[in-house]
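No value in this document is a laboratory result; all are computed from the given coordinates. All of these numbers come straight from a predicted model, not from anything done at the bench. Reconstructed Cβ throughout: ideal geometry from the backbone, glycine too, with neighbour counts over all protein chains shown.
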Amino acid sequence: MGVAPRDVAELVDLLVRWCRIPTHVDNRDGLLAMADELVAALTPIAGRVEVRPVGPNRLPVVCAWSPPRVSPSVLLVGHFDTVPHDGSQATPDVQVHDGRIVGRGTADMKGGVLVMLEALTRLEVGDPLTGWQVVLVPDEEIGTPWSRGILREAAERSSAALVFEPATSDGGLVRRRKGVGTITIAITGRAAHAGRNPWEGRSAVAAMADVIPRIEALGDSAVGTFVNVTTASGGRAANVIPAHADLQVDIRVDSAEESSRVIDGIDYATRAVAQARGIAIAVTGGLHRPPMPANPAADALVERYRAAAADRDLVISWTDVGGGSDANLIAQAGIPVLDGLGVVGGDLHGPAEFALIDSLDDRSDLAKDLIAAIPALLS
């Protein structure tokens, strides 16, 4: 079908071009431009391609389907939004040197999207049996608030899912991910002059200092629960008892039971501080990505991938990680999910984020072999 597989130089050029498109979730024009690139890459190999608008800004979700096939369908998932790049320039900085492509999105995860699409291009050159659906979302970096319904529906129609988030630092795949939650806490006290009548004030900052250790004490590393206050702010002037303070809390858990324990604990801690200090505390948020547990049904997919990697003298680990991805959402459909199929790289979300050039070709071939084998693996 369509187009010939790309060589390494072509893969590098394409990834550089993609990463020079600014695609933070607030940059609708950049996301639309990137969606156009993805549609152009998918059209020659897909049976059907659609762009579905989501959210208040009608951001583009790119969906594609293989030509009709009777075999079980595999879902391939990625995202093309990135965290904001540094500086005010319209075009993000991307450099190629020392075997690396350096710039935001090179690994997380435009590099992974490129691996996915190149794997499908190589697959479709032959006479494949595997049916597939691609879903590429524009809002993963903020928790997939608008695209998750499309992902859920696609997962429910699929027999397995492959997610092209970056590999682990040693090139490994992801077996299990923690559930991820964000809690926002708004504290409202009473302002007063810090010199004339401080006793009439109710310090929101003092309450914040009281509540932070209570919240962080809810973490329990023995069971893999991490609870961290990640932002804190309060007060407006040096001579005023502060009336307002705000916190954000990051939660990472391995089970729904731990999520409930932590959220109940935060509620108890904030109510106790509010009552003791005569102030108001509002708590919002919760778990936005459920835990992705290990799924024994994915074992066959991993072993097939490892065998193909061994033929290339590559050793592939299978690792548990603390970060969340759209794999957390897809796993709720009960299908085997394999994550970390994207490029090998590092320094994610920072200006020095990079993808290893050699991994573009290797990971594309490995993903192609795995997709081709899925009908036999799932039979």
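Using a 10 Å cut-off on Cβ atoms, rank the peptides 187-196, 172-181 from the highest mean neighbour count down.
The densest-packed peptide leads the list: 172-181, 187-196.
Go through Gln95, Leu75, Thr121 and say which Cα lies farthest out towards the positive end of the charge dipole of the chain; charges sit on Cβ, +1 for Lys and Arg, -1 for Asp and Glu.
Leu75
Helix 357-378 versus the longest principal axis of the chain: what is the Cα-based angle in degrees, 0 to 90, to the nearest 10?
Taking the Cα atoms of the chain, the angle to 357-378 is about 80 degrees.
What whole number of Å gives the distance from the Cα centroid of the stretch 299-321 to the Cα centroid of the stretch 218-237?
36 Å
Around Asp320, under 13 Å between beta carbons, what's the net of Lys plus Arg minus Asp minus Glu among the other residues?
Values: positive: Arg175, Arg176, Arg177, Lys178, Arg252; negative: Asp254, Asp339.
Local charge sum for Asp320: +3.
Quote the convex hull volume per residue of the stretch 284-379, based on C-alpha atoms, as a whole number of Å³.
116 Å³
Going by Cα centres, the stretch 352-371 and the stretch 1-69 are how many Å apart?
18 Å
If we count every other residue with Cβ under 9 angstrom of Ala192's Cβ, Lys/Arg +1 and Asp/Glu -1, where does the sum land?
+2
How large is the Rg to Rh ratio of the stretch 188-332 when both quantities use alpha carbon positions and Rh follows Kirkwood?
Using Cα coordinates only, the ratio equals 1.21.
Which net charge results for the neighbourhood of Asp210, defined as the other residues with beta-carbon distances under 13 angstrom from its beta-carbon, given Lys and Arg at +1 and Asp and Glu at -1?
+3
Relative contact order of the chain, please, whole-number percent, based on alpha carbon pairs below 8 angstrom and at least 6 residues apart.
The normalised contact order for the chain reaches 24 percent.
So how long is each side of the chain along the principal axes, counting just the alpha-carbon atoms, biggest first, in Å?
81, 45, 38 Å, listed from the longest principal axis down.
Ranked highest first by average number of other Cβ atoms within 10 Å, how do 275-283, 96-104, 327-335 line up?
327-335, 96-104, 275-283
Rounded to two decimals, what is the ratio between the C-alpha radius of gyration of the stretch 38-197 and 2.2 N^0.38 Å? Intermediate results must be reported in sequence, preceding the final value.
On the way: Rg = 20.6 Å, N = 160, 2.2 N^0.38 = 15.1 Å.
Working it through for the stretch 38-197, the quotient is 1.36.
Using only Cα positions of the stretch 10-53, each an equal point scatterer, no hydration layer, compute I(q)/I(0) via Debye at q = 0.16, 0.24, 0.29 Å⁻¹ and quote the log10 values to two decimals.
Cα-only, vacuum Debye calculation for the stretch 10-53: -0.48, -0.91, -1.06.
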